[in-house]
1. With both bridge residues required to lie in region 231-406, what share of the DSSP beta bridges run antiparallel, to the nearest 5%?
2. I want to verify the translational diffusion coefficient of region 6-224 in µm²/s; compute it with Stokes-Einstein, Rh as the Kirkwood radius over Cα pairs, at 20 °C and 1.002 mPa s.
3. Between Tyr225 and Arg379, what is the spin-label point distance in nm, taking each point 7 Å from the Cα along the Cα→C-beta axis?
4. When the helix-only estimate is applied to the chain (DSSP H runs of n ≥ 4, each -39,500 (n - 2.57), divided by the residue count), what is the mean residue ellipticity at 222 nm, nearest 500 deg cm²/dmol?
5. Restricting attention to region 108-201, which chymotrypsin sites (Phe, Trp or Tyr not before Pro) occupy a DSSP loop and are surrounded by at most 13 other Cβ atoms within 10 Å?
6. Using alpha carbons only, how many angstrom separate the centre of region 351-389 from the centre of region 204-251?
7. Rounded to a whole number of µm²/s, how large is the Stokes-Einstein D of the chain at 20 °C and 1.002 mPa s, given Rh as the Kirkwood radius over C-alpha pairs?
8. Want the number for Glu58 to Ala257: 0.36 nm per residue separation, take away the alpha-carbon distance, what's left?
Amino acid sequence: MTAAPITMTLYHHKERSWPDYLKQYSDLDSLVKRRNVDVVITPLPEQNRHLSFARLPESLRRLLFFAKPDVVVTMDDGQKPVQPIFAIDVTEHVAARDHWIQRFPNLVGCAQENVAGAFIAPRDMPHRKGFAGKTDPFFFFAYDRVIEIHQTPIYIAEWLSSDGANLDTDPKFGDLPPHDSDGMARTLGFFNLVLDAAMKGRDLSTLIRDRLIIDLRDDLRTVGYTRVPVIADFERLKCNMPAGRPLSDSEFKKWLAGRKLTFPSDIPDRIMKRDAYVVFSPIVNAGAANARANLLHRIKMKGGDPYTQQPLVFDYLFCRLGPTPTERDKNLVIDLSLLEFGDFAGYIHDAWKASPLQYTEFRKIKDRVPSYTLQLSDRLSQVMKNFVRLYAFTADLIVFSDGILYF
């Protein structure tokens, strides 16, 4: 009896040609020709609240909690539940400070699920017309912290620009990087290693000790460790911590008092036991004209970008010691004192109003059972607006003008 081929599903977010590129230039091509593997290519759901999201495999939904990579590869061997094995995130822009911070969550969900990944971006492009840029080495440092904490390999590959003005492109896929360039050859070799391990049933967590992964990580460190980032490097931290260090317990309580708020009496003990507070504010100058209106507009129209992802970055840079947010030696505070609690809670209320959990008659949820059961578990947060989802995941405390949320 011939064993059924393994099914590899290549989910794509925006660029449809990336799955074809990966299939063409990786070992997937020969595996398909030998009929060891079937490849299915399909788009990711546009929004988490859609029914198609609830129908995704559970492990894939968890991976997509923070954001959507450009490609996610899942494996179905016909026996075990479908599992993601690899992800790729791509940008055509140089990883300058604000840009890489916006894209940082795209592979953090992968690392938390022990799914290997690659981030593809150009390095310095000093001659690019209108978009000249220099790579921020803190980008490499931050991802190395993610690798260290989760013990999951991530490779940052260079999209080559031979002249520093234009991106080199592949002869067959004219809008994608050349497959035989050094960075892409390493990425494809990395994917082939993961693919082979997954098909052989190897524990993918052991890949972190593979020589190829060690060499890739050493390459990342040569760029990322030119200087260790500090609080004073980031304006949205320095505005509340002008001394360039976390606030002590007494300093934080004084900071709250300056906003006419008091430290909660029933705060969780893990927060009480830390005597250091890293305070992030999305707005550096809260007293500027229209600051509140501008922030509310960005939250409504752009999900809070470029502020939404920053607390997660600062968590990994300055707070996190272990794989979960509870494993910190400093409290992470999000300063939303420019807003009222209702500005934040309105998005939660909207998600609740749209939730199938409100119904008590089966006929009203029979066409939405995957969404019902998704939200019945502990995953209601997955369908929240990304601004709410990421802030609630990351923060120990969120400070509003009229109250404090603590987690």
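Readers should treat all values here as calculations from the given coordinates under stated rules, not as data from a laboratory. Fair warning: this is a prediction, and the values are worked out from it, not measured in the lab. We place every Cβ from the backbone using ideal geometry, glycine too, and count neighbours over all the protein chains shown.
1. Antiparallel bridges: around 45 percent, rounded to the nearest 5.
2. 122
3. So the label points at Tyr225 and Arg379 sit 3.9 nm apart.
4. -10500 deg cm²/dmol
5. Hits after loop and neighbour filter: Phe131.
6. Each part's Cα centre sits 37 Å from the other's.
7. 94
8. Working it through step by step, the gained length comes to 67.3 nm.
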